[in-house]
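Visitor: Provided herewith is a single structure, encoded as structure tokens, for subsequent inquiry.
The values are calculated or read from the model by the stated rules, or taken from the named source; none is laboratory data. Keep in mind that this is a model prediction, so the values were computed, not measured. Heads up, the Cβs are rebuilt from the backbone with ideal geometry, glycines too, and the neighbour counts pull from every protein chain shown. Accessible surface areas use protein heavy atoms only, side chains included; no ligands, DNA or RNA. Shrake-Rupley method; radii C 1.70, N 1.55, O 1.52, S 1.80 Å.
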Amino acid sequence: MRKKYLSILCMLILILNITSYAAELALPRPTSDFYVYDESNILNKEAKEYIIKTNEELYKKTGAQIVVVTIDSLENVDINEYAVKLFEEWGIGSREYDNGVLMLIVTEERQIWIEVGYGLEGALPDSRVGNIIEDSILPYFREGEYSDGIISGFNDIIDEVEEEYSIELNRNIINEDLYRIDGYETEGDIFSGLRGILVAIGIVVFLVIDFKFFNGFLTYSLIFRGRRFGGYSSRDYRNNRGGGGRSGGGGAGGRW
Amino acid sequence: MKKVGFIIIAVVIFLGVSLISSYNSLVGMEEKVNNSWAQVETVLKRRADLIPNLVNTVKGYASHEEEVLTQITEARARINNANTPGEYAEANAEFERALNNLYVVVENYPELKANENFSNLQYELAGTENRISVARMRYNEAVQEYNTKIRRFPTNILANLFGFDEKQYFEIDDEDRQVPEVNF
């Protein structure tokens, strides 16, 4: 009888190890639209739609993603650290090109930081981003025009990205869902889903053998291995369409 | 009897597989440490490359502020001479202090502050400082993972056997934590 409870307990522990570690920092999870997270509620509806629609077209053409996030407070974390971690967690931009941009606006502390992924550092060097913030965004922010300021900066960023990829986006607000894409991730997602199932089956088989022959010794020793299984699911968001892009901390910020 | 034999074989196979997988994972982690260190060096170099431009621009407006400029140039050289992560961290802290001094001095030269090249440089420096911060964080995380693994039982036996040594953190003392603030 006791063996059965032990095995259930071990399964639970193993499962806990599999799921991603909770970040020390309480990062928000993306909305289903992914491209806009407006905790401070400073973006009007047209602005949000504009950002989303433009991004959808952009992603389809280049894999790039420009995400706008507004939060109330950093809660004693440096804005740089917060931006980098959020960027990492959400995987902004495509994995192949690391072409993501995160516009992070913190309303209580009145700070902005724009984080640029590795792949766009050429198009958006730090000084360019700094100038965009100073010239296109902060003037609006100082007047309390957050929505306009963000869109203004967003457009400047899009300009640079368009130039980088020699494309032109249709920037009218699109009403029909012309660019709705299903399954944003290509082979990556499905594969990890299958892999997940195989891993789970493997674990169950292993547990059965382990407890039958070795009284759980192997399971205990594996638990102490720590992160062996803990690697794959933190990127496994399905609803949020982070492409898995990375950033190195490049970008610029400002205060108003 | 046959059952015992079977179990023994299974155990041996399991141990063998464990050993191999442990060893491989140590190798993977060590490579991650090396890789993230390479990134640290890359961004340190990136900052170093910005310095000549910075020094020249400042000289154009504040030619008498030789002391501060020399400080920076020397601190930059010291970073080049560092060998271990600990040495790099110390040299880096000194450099950042020198840079901080420069920013304090620059406050007295509004024309310099208004200069477009200088303000672009400030953005670049701030961005680079951030990159250094990120690279350092990632390096230290990789080191922590690796060091913990080679110290844990039973992997520590394997680690000793194959010469996996503890890596040094890129550590800055708390008092040196003042990253130069760039005011826009």
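Visitor: Considering B:Glu124, B:Glu145, B:Glu116, which residue is in contact (Cβ under 8 Å) with a residue 60 or more places away in the chain, of a type in the set (Asp, Glu) and out of contact with any Asp or Glu (no Cβ under 8 Å at 6 or more places or on another chain)?
Guide: Numbers: B:Glu124 fails: out of contact with any Asp or Glu (no Cβ under 8 Å at 6 or more places or on another chain); B:Glu116 fails: in contact (Cβ under 8 Å) with a residue 60 or more places away in the chain.
It is B:Glu145.
Visitor: Looking only at strands (runs of 3 or more DSSP E) that fall completely inside the stretch A:40-155, which ones have 1 or more residues that are open to solvent by 10 Å² or more (accessible area, probe 1.4 Å) and within 13 Å of chain B (Cβ to nearest Cβ)? It would help to see each step written out before you state the result.
Guide: Numbers: elements: A:65-71, A:100-106, A:111-117.
Fully inside the stretch A:40-155 and qualifying: A:111-117.
Visitor: Scanning the stretch B:144-159 for residues that are within 11 Å of chain A (Cβ to nearest Cβ) and surrounded by 20 or more Cβ atoms within 10 Å (Cβ to Cβ), which turns out nearest to B:Tyr88 (Cα to Cα)? Write out each step before concluding.
Guide: Filtering the stretch B:144-159 down to residues within 11 Å of chain A (Cβ to nearest Cβ) leaves B:145, B:148-149, B:152-155.
Next, from what is left, pick out any that are surrounded by 20 or more Cβ atoms within 10 Å (Cβ to Cβ): B:149, B:155.
Working: B:Lys149: 24, B:Thr155: 30 Å.
It comes out as B:Lys149.
Visitor: Is one or more of the residues making up the stretch B:10-32 under 30 Å from the mean Cα position of the chain (by Cα), polar (S, T, N, Q) and away from every other protein chain (no Cβ under 14 Å)? Step through it out loud before you land on a result.
Guide: So the first thing to find is which residues in the stretch B:10-32 are under 30 Å from the mean Cα position of the chain (by Cα), and the list is B:21-32.
Now narrow it down to the ones that are polar (S, T, N, Q): B:21-22, B:24-25.
When the remaining residues are screened for being away from every other protein chain (no Cβ under 14 Å), the result is none.
No, there is no match, as no residue in the stretch B:10-32 is under 30 Å from the mean Cα position of the chain (by Cα), polar (S, T, N, Q) and away from every other protein chain (no Cβ under 14 Å).
Visitor: Determine whether A:Arg171 is modelled with pLDDT under 80, within 29 Å of A:Ser32 (Cα to Cα) and not in a loop (DSSP other than H, G, I, E, B).
Guide: no
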